[in-house]
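Notes follow once the structure below has been shown.
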Amino acid sequence: MIEHSGTLPRILIVDDEHLVIRMLNKGLKNRYDLQFASKGNDALASVMVDLPDLILLDVGLPDMDGYEVCRRLQENPLSRDIPVIFLTGHDEHQDILRGFQAGGRDYVLKYATVLELMARIDTHLELHRQKVALKDALEQNRMQHEKMSSLGLLMAGVAHEINTPMGYVSANLEILARYFDQLVGGEKIRQGEGESKHPTGDSGRMEYLAADVVDLINESLEGVRRVIKITRELKNFSRMDAPELKPVILSDCLESALVICSNELKCVATIRKEYEPLPEVPCHPGQLSQVFLNLLLNAGQALEPMGEIVLRSWSDDAFVYASVSDTGPGIPRELQERIFEPFYTTKERGKGTGLGLSISHDIIAKHHGELLVTSTPELGTTFTVKLSRG
Ligand SMILES: Nc1ncnc2c1ncn2[C@@H]1O[C@H](COP(=O)(O)OP(=O)(O)O)[C@@H](O)[C@H]1O
Ligand SMILES: [Mg+2]
């Protein structure tokens with residue numbers, strides 16, 4: 001009976017010779033979580049049930065040779081990366097090139113010492129671990145890159161968004177200061193001349209000043225509120241990677257994204273909203289805003305010189321939906337699959353990274369949802385985010 005421990009590396013040994021199996025079991029069982037298969041088909045089935053960390057594979061099996069097993073493992077994206085070490089007899093040794101061609105990483109003689117076998121296994125486990133770590137780091141990097149490039153694109157817009165209200169808030173404060181000066185100055189003159197406090201000649205001017213002061217204050221408050229809103233949305237974006245799920249109304253994420261890029265869009269699109277009320281769903285709001293930001297920017301870039309963007313939200317018994325539609329040129333049918341590939345872009349350098357939709361697709365998949373596209377040439381494109389309600 002083989003001991004199993006959750007923390008030991010899992011190794012699948014595929015061999016039909018009892019002696020080899022007994023020898024490997026005895027030598028390796030304390031260091032690895034071992035599983036056995038004696039036929040190629042059994043090995044392929046076992047891999048699909050439970051992915052091992054490494055496979056020791058005999059060349060001569062009863063139903064198919066080890067090279068064929070290796071080729072089939074290579075064909076399946078799930079098993080492609082599992083390191084395979086061929087177990088060869090002396091007579092098969094000449095043939096080992098075939099093993100490498102089939103995707104094997106290494107080979108070892110069947111009757112090699114246990115110490116040699118362990119050294120090879122540990123080397124390949126470590127190589128594999130490093131490969132996975134590198135892949136994760138690259139994935140993180142890819143997301144960061146897209147986030148930075150879309151944010152970089154937006155920074156000018158955001159600066160403008162903040163600058164405009166701040167410009168008139170400061171102009172208004174200057175006028176208010178002048179009014180105040182005039183009021184205080186007028187008061188002093190009147191007091192010096194011994195006049196009554198509210199001479200009739202001045203009352204029209206006073207009324208005008210009072211009304212304008214109220215307007216100036218209201219306009220300034222509105223500007224300050226806009227700045228607060230945009231900085232709050234920017235803060236949401238910087239919390240993009242928060243690990244916890246939050247109950248969120250999907251259309252709010254769309255609105256957050258819209259605040260960030262409204263300056264980008266206002267020169268190319270009129271925006272119409274058809275929101276139906278939505279229930280909250282658990283999600284990472286920052287990540288979803290990144291998805292919507294990318295959909296909105298794509299829609300805007302498809303529209304030049306001018307068009308319409310329609311934002312919708314609705315729900316049914318099982319799902320909530322939010323969509324971004326544009327009246328752009330559409331995406332030809334044969335390209336509708338390709339647009340989700342990393343680095344696929346039809347935009348000039350500096351404008352497109354080709355990462356937006358692939359990252360958006362990944363984010364929605366991690367939320368167990370779907371990112372759907374429908375597009376009609378000449379009429380436009382709709383991207384829909386569909387998330388489960390529960
Ligand atoms: N709304 C749209 N209308 C037309 N084409 C689009 C639209 N959205 C995306 N695409 C196509 O999909 C490609 C990939 O999009 P994306 O992954 O966001 O990368 P990028 O925007 O950097 O090119 C775009 O280059 C474009 O050809
Ligand atoms: Mg894009």
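Tell me the relative contact order for the chain as a rounded percent, counting alpha carbon contacts under 8 Å between residues six or more apart.
Across the chain, relative contact order equals 10 percent.
Using only alpha-carbon positions, what ratio does the radius of gyration of the chain give when scaled by 2.2 N^0.38 Å?
Cα-based Rg divided by the globular estimate yields 1.57.
Calculate, axis by axis, the spread of Cα positions in the range 246-388 along the three principal axes, and write the results as whole Å, longest axis first.
Sorted from largest, the Cα extents of the range 246-388 read 38, 29, 26 Å.
Probe radius 1.4 Å, ligands and nucleic acids ignored: give me the carbon and sulfur share of the accessible area of the chain as a rounded percent.
Numbers: 12170 of 21710 Å².
C and S fraction of accessible area: 56 percent.
Glu274 to Glu304: extension gain in nm, 0.36 nm per residue of separation minus the Cα-Cα distance?
Extra length from Glu274 to Glu304 when fully extended: 8.5 nm.
Quickly work out the Leu51-to-Val373 label distance, labels modelled 7 Å from Cα along the C-beta direction, and quote it in nm with one decimal.
About 2.6 nm, to one decimal.
With N denoting the number of residues in the range 10-112, provide Rg(C-alpha) divided by 2.2 N^0.38 Å, to two decimal places.
0.96
For the range 246-388, how many pairs of lysine residues have a Cα-Cα distance under 26 Å, where the two are 8 or more positions apart or belong to different chains? Provide the component values of the computation, followed by the final result.
Numbers: Lys246/Lys273; Lys246/Lys366; Lys246/Lys386; Lys266/Lys347; Lys266/Lys351; Lys273/Lys386; Lys366/Lys386.
Final tally of qualifying lysine pairs is 7.
Keeping every protein chain present and rolling a 1.4 Å probe, give me the accessible area per residue for the chain in Å².
Working: 21710 Å² over 390 residues.
Value for the chain: 56 Å² per residue.
Using a 10 angstrom Cβ neighbour count of at most 13 plus a DSSP loop assignment to flag exposed chymotrypsin sites (Phe, Trp or Tyr not before Pro), which longest range of the chain is free of such sites? Before the final figure, lay out the partial values.
Values: sites that count: Tyr111, Phe343.
Formally, the longest exposed-site-free interval is 112-342.
Order these peptides, 217-228, 52-63, 262-273, by their mean beta-carbon neighbour count within 10 angstrom, highest first.
Per-residue mean Cβ counts within 10 Å order the peptides as 52-63, 262-273, 217-228.
Return the long-range amide H neighbours of Lys246 (sequence gap of 5 or more, or a different chain), with a cut-off of under 5 Å between placed amide H atoms.
Close amide H contacts, sequence-distant or interchain: Cys283, His284.
Debye calculation, C-alpha points only, no solvent: report log10 I(q)/I(0) for the range 214-311 at q = 0.11, 0.20, 0.23 Å⁻¹, in the same order as the q values.
-0.39, -1.04, -1.17
The values are calculated or read from the model by the stated rules, or taken from the named source; none is laboratory data. None of the values given here were measured: they were computed from a predicted structure. Cβ coordinates were reconstructed from backbone atoms using ideal geometry, including for glycine residues, and neighbour counts include every protein chain displayed. Ligands, DNA and RNA are stripped out before the accessible areas are found, and what is left, the full protein with its side chains, is counted by its heavy atoms. Shrake-Rupley method; radii C 1.70, N 1.55, O 1.52, S 1.80 Å.
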